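Written below as structure tokens is the structure these notes are about.
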Amino acid sequence: IVNLLLLGYFKYTYFLVDTINQLFDTNFEVTNILAKVTNNICGTQFDISTIILPVGISFFTFQTMSYTFDVYRRKIEPVRNILNYAFYVSYFPQLVAGPIVRASEFIPQLFLKYQLRREEFSHAIFLILSGLIKKMLISDYLSVNFVDRVFENPTTFSGSENLIAVYGYAIQIYCDFSGYTDIAVGVSLLFGFRLPINFNSPYKATNISDFWRRWHISLSSWLRDYLYISLGGNRKGKIRQYLNLMITMLLGGLWHGANLKFIIWGGIHGIALMLHKWFQALKLSIPSSKLGRVVSIFITFHLVCFTWLFFRAPDIHSIEIMLTSIFFYFQLPVLFSFITSYPLIIGLLLFAYVVHWLPYSIKETYRGLFIKSPIIVQFIIIILVIFVLYQAKTSEIQPFIYFQF
């Protein structure tokens, strides 16, 4: 309760006050209680009308709650030194944007002797390079040079360009977020800590449940184990199961931000999960042939892309404009013109999706080749990657998308 109250105060006060004012025609104003108390006691002059959001509060709040739950469920023993607990909560590589590390996974590692094998060192370097390529080469370039322009002013673009921007944002947010976690996992491995995998080629998902087993795994598993199962999961009948799914996804959407569009995003995913469970109960599914798998991936991917509209667009009106443009003003000739005019954007987009959809065996092959290669070869690859990233970097540093959460 204390953790959730702190999260609610810092992150949702504006949302609650605005909602109350709209519903009841009141004029309540937000007051920073901490700043007001400090001003009264210390004579300072902090701005009491603004609540500053602490860095990484959504992530470290869930981590502190994980510690409480894991101790309560006897998965770990309480630490005997508060510095060990503080280290777990404030561990900086993943503090700001995940992955959300559970106490039962991380705290036992505090008491292990440091070790780093040659293969682990090479794997860590591979992850860091992979994360930098995803973030700086793909995500930032697509964002600055195309995606942001369309989402900020969709009326100036055709329906085909709006659709490409949606595809662009889908791969942008994946490369941005998974790139951060790759770097966090790689850096942690150099420090001797093994963090859990957070992404597993999510756009290969054949259904929406499969997507959530692949996307932001640390959050989805946290919500499943500590919220969905605690609410009763699927143990209380079908109606309760569907209700539990919807509650979990609505709160998951609200966790991302105090905004109606995030709640709608979570609600759509909740409805999709309910329908998938219902279809499973009726034994209705697309045939498991190769063609059926492709169709399943196609449908799931476009459902997820549709929900990304609510995640990225600045407001609901912009979403309406983009959907209207895509469905009624597609303008196919403009699409061909765009492809010829911006070959680098299209090429980078295709490259990102092709690599993402590569078979797991191929990805493991080139990862294994890097890990097994001599140090001098790895050093040369590092220099080449740095050179390419330097050439591709944007004029300004682009913050990671999940820093806002």
### Message
Just checking, does region 43-55 include any residue being crowded, with 18+ Cβ neighbours inside 10 Å, of a type in the set (A, V, I, L, M, F, W, C) and part of a helix (DSSP H, G or I)?
### Response
no
### Task
Could you check, for region 373-393, whether at least one of its residues is more than 16 Å from residue 126 (Cβ to Cβ) and part of a loop (DSSP other than H, G, I, E, B)?
yes
### Task
Residue by residue through region 207-224, note down the ones that are surrounded by fewer than 19 Cβ atoms within 10 Å (Cβ to Cβ) and either of a type in the set (Phe, Trp, Tyr) or in contact (Cβ under 8 Å) with a residue 24 or more places away in the chain (or both).
209, 210, 224
### Summary
When every residue in region 187-206 that is over 24 Å from residue 255 (Cβ atoms) and aliphatic (A, V, I, L, M) is compared, the one surrounded by the fewest Cβ atoms within 10 Å (Cβ to Cβ) is 190
#### Entry: Residues of region 350-387 classified as more than 28 Å from residue 214 (Cβ to Cβ), out of contact with any helix residue (DSSP H, G or I) (no Cβ under 7 Å at 6 or more places or on another chain) and among the aliphatic types (A, V, I, L, M), total
7
### Query
In region 205-234, what residues are among the hydroxyl-bearing types (Ser, Thr, Tyr), in a helix (DSSP H, G or I) and in contact with a Ser or Thr (Cβ under 9 Å, 6 or more places away or on another chain)?
218, 226, 228
### Query
Scanning for something under 30 Å from residue 179 (Cβ atoms) and open to solvent by less than 60 Å² (accessible area, probe 1.4 Å), does region 70-77 turn up at least one residue?
yes
### Query
What is the number of the single condition among (1) open to solvent by 20 Å² or more (accessible area, probe 1.4 Å); (2) over 18 Å from residue 301 (Cα atoms); (3) assigned to a helix (DSSP H, G or I) that residue 274 does not meet?
(2)
### Query
Mind checking which residues of region 249-260 are open to solvent by 20 Å² or more (accessible area, probe 1.4 Å) and either among the β-branched types (Val, Ile, Thr) or touching a Phe, Trp or Tyr at 6+ places or on another chain (Cβ under 8 Å) (or both)?
254, 258, 259
### Query
Considering region 352-372 alone, what residues qualify as being in contact (Cβ under 8 Å) with a residue 24 or more places away in the chain, in a helix (DSSP H, G or I), within 26 Å of residue 167 (Cβ to Cβ) and hydrophobic (A, V, I, L, M, F, W, C)?
352
### Task
May I ask you to list the residues in region 343-358 that are open to solvent by 40 Å² or more (accessible area, probe 1.4 Å) and either β-branched (Val, Ile, Thr) or in contact with a Gly (Cβ under 8 Å, 6 or more places away or on another chain) (or both)?
354, 355
### Counted residues, region 6-37 - those being part of a loop (DSSP other than H, G, I, E, B), of a type outside the set (S, T, N, Q) and open to solvent by less than 100 Å² (accessible area, probe 1.4 Å)
1
### Query
For the subset of region 131-182 comprising residues that are more than 27 Å from residue 333 (Cα to Cα) and among the basic types (Lys, Arg), which member is most open to solvent (accessible area, probe 1.4 Å)?
134
### Candidates 40, 3, filtered to the one that is modelled with pLDDT of 90 or more, in contact with a helix residue (DSSP H, G or I) (Cβ under 7 Å, 6 or more places away or on another chain) and not in a loop (DSSP other than H, G, I, E, B)
3
### Residue, surrounded by the fewest Cβ atoms within 10 Å (Cβ to Cβ), within region 277-308, restricted to residues that are among the β-branched types (Val, Ile, Thr) and closer than 20 Å to residue 246 by Cα
307
### Query
In region 235-262, how many residues are in a loop (DSSP other than H, G, I, E, B) and touching a residue at least 12 places away in the same chain (Cβ under 8 Å)?
3
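The values are calculated or read from the model by the stated rules, or taken from the named source; none is laboratory data. Predicted model, so just to flag it, every value in this text is computed and none were measured. Positions of Cβ are backbone-derived with ideal geometry, glycine not excepted, and every protein chain shown enters the neighbour counts. Just the protein is used for accessible areas: all its heavy atoms, side chains included, with ligands, DNA and RNA removed. Shrake-Rupley method; radii C 1.70, N 1.55, O 1.52, S 1.80 Å.
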